[in-house]
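A short worksheet on the structure shown next.
The values are calculated or read from the model by the stated rules, or taken from the named source; none is laboratory data. Model, not experiment: these values are computed from the prediction. Don't worry about glycine lacking a Cβ; one is built from the backbone with ideal geometry, like all the others, and counts go over all protein chains shown. Ligands, DNA and RNA are excluded from the accessible area calculation, which covers all protein heavy atoms including side chains. Shrake-Rupley method; radii C 1.70, N 1.55, O 1.52, S 1.80 Å.
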Amino acid sequence: MRPTLRILLLAACAAMLTACGDDSAPIDDPNPQADPCEPNGHIHREPTGDWCHCNRGYVASEDGLACVPDPDHTPGQGFDFGDGGEHACWHVTNGPFVTVTASTARDPRVDDFHTYYTVQLRPEGDQYVGTFSYRAFATGNFIVYLSHPEVPVTFIETALQSTVEQAGAQATGGHCDGLKHMVGYELTDRVQYTVRLGPTSLAELNMVIEHLQ
């Protein structure tokens, strides 16, 4: 092919690309995917399928992709702490026993069933803190039993980084010396939470997390 003809063909191709645009360029989605669970919940998109995490007083619809009023919901009259820690205290003596150590590299799990945890916190400034991973295995009331009442505990829905409101807190019923304080939360099955302990002057404490049947 003569050089002059090749130059003309290249110029024509360049003009066509300019006119039509570059197909490799990203195209903004003018209609971003909406959350079908709003305004009474929010969507969880997982490899096994999408599902709605609905607010208190609402349940997922039959197809699981909308939040509708729960016909069986009755507004609570305060959080029920059940037996005041008697069952949790059984684990203080009988276990199973697990030790977890707070780390900045990862959040150790604290969601083993009916387990008495020894929790070792990490220093931060002149206090101790730690974050841990907890995946709820049911929907309903959960109680965090702590060996020391002065240790702050916070549950955070990990995906949204939103703090879960405490449903109540009080002293245990005095069934053992290992657990002195109870903090109640309403959690949702399959939701991943981050448990934050501290800041506190204590480097170590004991904890049990139980679902109140």
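Things worth noting here:
- Taking the range 68-98 as the range and being β-branched (Val, Ile, Thr) and either closer than 18 Å to residue 200 by Cβ or assigned to a helix (DSSP H, G or I) (or both) as the test, the residues that pass are 92, 93.
- Inter-residue pairs, beta-carbon under 9 Å, first at positive phi and in the range 175-191, second open to solvent by less than 60 Å² (accessible area, probe 1.4 Å), 6+ apart: 190/44; 190/46; 190/51; 190/53; 190/136
- Against the conditions (1) open to solvent by less than 70 Å² (accessible area, probe 1.4 Å); (2) under 22 Å from residue 174 (Cα atoms); (3) of a type outside the set (D, E, K, R); (4) more than 18 Å from the chain's Cα centre (by Cα), residue 93 satisfies every one except (1).
- The residues listed here are 122, 196, 135; of these, the one that is basic (Lys, Arg) and farther than 30 Å from residue 54 by Cβ is 122.
- Among residues of the range 112-131 that are more than 15 Å from residue 195 (Cα to Cα), those with a beta-carbon under 8 Å from a residue that is among the small types (Gly, Ala, Ser) and open to solvent by less than 20 Å² (accessible area, probe 1.4 Å) at least six positions away or on a different chain give the pairs 115/95; 116/95; 116/178; 124/198; 127/198.
- Residue 141, sole failed condition from (1) over 14 Å from the mean Cα position of the chain (by Cα); (2) at pLDDT 95 or above: (2)
- Number of positions in the range 144-176 that are under 15 Å from the mean Cα position of the chain (by Cα) and either in a loop (DSSP other than H, G, I, E, B) or surrounded by fewer than 16 Cβ atoms within 10 Å (Cβ to Cβ) (or both): 9
- Test: residue in the range 99-108 that is in a loop (DSSP other than H, G, I, E, B) and closer than 24 Å to residue 41 by Cβ: no
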